[in-house]
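The values are calculated or read from the model by the stated rules, or taken from the named source; none is laboratory data. Just so we're clear, the structure is a prediction, and the values are computed from it rather than from any experiment. Here Cβ is always computed from backbone atoms with ideal geometry, including for glycine, and neighbour counts include all displayed protein chains. With ligands, DNA and RNA removed, areas are computed over all heavy atoms of the protein, side chains included. Shrake-Rupley method; radii C 1.70, N 1.55, O 1.52, S 1.80 Å.
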Amino acid sequence: MVPPAWVALGKETFASPIYQVVLHGKDEYRPEDIDYFVGFRPPAGFLKSLPKLKLVISFGAGVDGFLADPQFPRQIPLVRFTEPALAYEMAQHSVMHALIIQRQQRFFDKAQAEGVWRQIMMPRATSATRMGILGMGEIGGKIAERFAMLGFPTSGWSKTRKNIPNVKSYAGDGELNTFLGQSDFLTVVLPQTPQTINMMDRDFFAKLPKGASIINVARGSVIVDADLIAALDSGQLGHAVLDVFRTEPLPADHPFWKHPKITITPHIAGLTSPHMALAYVENCVRRNEAGEKLSDIVDIDRGY
Ligand code: GLV
């Protein structure tokens, strides 16, 4: 029933007594026998070729890979993966990289490599280092909570106002610039939508405090690559930690690889573990078959 195609996890990951799994590209199957699809970025037109599909189960929290398909069957519900464990991992990633920068760990790595005892102060106290979360939804909210727990003044921006203890909520387009102007570290958790593509350009970077750092765990397409490099080179930005890119894998000749102010990770900020994957799929199928309402159904027009 499920072709778990286009995910790194194998077919055995999804084995369950409540359905039969076929793997697209490996197993023979008749399109009309497929009830559920599980995957991440299927090629355009593929889902339309499954005439009896009841539900599309996204393996990512971001569903831009589905919505980019002009033939996506919009009448079929699409659910996205918003397991809290994934959000906690993304929070760990964001916090770890912010701390490496804030506490200047690279400096000490270098001193150790040289065998030198070299102390320096943190450039800014924790209480004066403002963390901003751009896109404070399910995942962004968890990241904000974690920064706030460490004593950083923390705020987040989202379309609608959020209520998270010790986190200041900025909402809507009218409050975006104020939010950016007070974010010394900006962690980006936005979905890819027509409004967010290319949003982080030269003008956007100019709104951040001078020397701000960015951590992108969302989508590469929100950043204009050349403008990011220019902002880092001019000193407008201090550092960029990038987990996501316009083209993945990041092409070997891309200037990001060798840039001294860029840290690259290969889209690993939050990886779905096999046991989470199975529980998620089984739960979706079981509830759908029982006619129960599913959570995390994507609003196709909104894009997340
Ligand atoms: C991964 O990028 C996701 O959307 O979950």
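Per the 1.4 Å probe, what fraction of the accessible area of the stretch 85-264, in percent, lies on carbon and sulfur atoms? Don't skip to the end; give the middle numbers.
Working: 4810 of 8750 Å².
Ligands and nucleic acids excluded, carbon and sulfur give 55 percent.
Using only C-alpha atoms and all pairs of different ones, pull out the Kirkwood radius for the stretch 143-203 in Å with one decimal. Provide the component values of the computation, followed by the final result.
Values: mean 1/r = 0.0800 Å⁻¹.
For the stretch 143-203, inverting the mean 1/r across all distinct Cα pairs yields 12.5 Å.
Which order, highest average first, do 278-287, 162-171, 126-135 follow once you tally other Cβ atoms within 10 Å for each residue and take the mean per peptide?
Details: 278-287: 17.7, 162-171: 16.1, 126-135: 21.7.
Per-residue mean Cβ counts within 10 Å order the peptides as 126-135, 278-287, 162-171.
Output the relative contact order of the chain, whole-number percent, from Cα pairs under 8 angstrom with separation of 6+ residues. Please report the intermediate quantities before stating the final value.
Details: 548 pairs, mean separation 48.0, N = 304.
Averaging sequence separation for qualifying contacts and normalising by length gives 16 percent for the chain.
At 1.4 Å probe radius, can you tell me the per residue accessible area of the chain in Å²?
Values: 14960 Å² over 304 residues.
Per-residue value: 49 Å².
Helix 138-149: angle to the longest alpha-carbon principal axis of the chain, degrees 0 to 90, nearest 10?
30
Taking the simple approach of a point 7 Å from Cα along Cα-to-Cβ for both S127 and R161, what is their distance in nm?
Taking the two extended label points, one gets 2.8 nm.
Work out the FRET efficiency for E12 and L271 from their Cβ-Cβ distance, taking R0 = 22 Å, and round it to the nearest 0.05.
Values: r = 17 Å, r/R0 = 0.79.
Calculated transfer efficiency: 0.80.
So how far, in whole Å, is the C-alpha centre of the stretch 100-133 from the one of the stretch 146-222?
The stretch 100-133 and the stretch 146-222 have Cα centres spaced 23 Å from each other.
Can you tell me which of 105-111, 34-40, 51-57 comes out highest on packing, and rank the rest after it, using the mean Cβ neighbours within 10 Å?
Numbers: 105-111: 12.7, 34-40: 21.6, 51-57: 17.7.
Most protected by this proxy first, the peptides run 34-40, 51-57, 105-111.
Please give, to one decimal in nm, the separation of the simple spin-label points placed at W117 and R246, each 7 Å out from Cα toward the Cβ.
Once both label points are built, they end up 4.9 nm from each other.
Return the Cα extents of the stretch 85-264 along principal axes one, two and three, sorted largest first, each rounded to a whole Å.
Principal extents (largest minus smallest coordinate, Cα): 51, 38, 32 Å.
What is the spread of the Cα atoms of the chain along each of their three principal axes, largest first, in whole Å?
64, 45, 33
Determine the relative contact order of the stretch 85-264: mean sequence separation of Cα pairs under 8 Å and six or more apart, normalised by residue count, in whole percent.
On the way: 317 pairs, mean separation 29.7, N = 180.
So the answer I get is 17 percent.
Leaving out same-chain residues fewer than 8 places away, which lysines sit with a Cα under 16 Å from that of K159?
In chain and number order, the partners are K168.
Could you give the angle, 0 to 90 degrees to the nearest 10, between helix 105-114's Cα long axis and the longest principal axis of the Cα atoms of the chain?
Computed tilt is about 70 degrees.
Roughly how many Å² of W257 are accessible to a 1.4 Å probe, to the nearest 10?
130
May I ask you to derive the relative contact order of the stretch 242-304, considering only C-alpha pairs under 8 Å and at least 6 residues apart, and to give it as an integer percent?
Numbers: 22 pairs, mean separation 16.6, N = 63.
Worked out over the stretch 242-304, it gives 26 percent.
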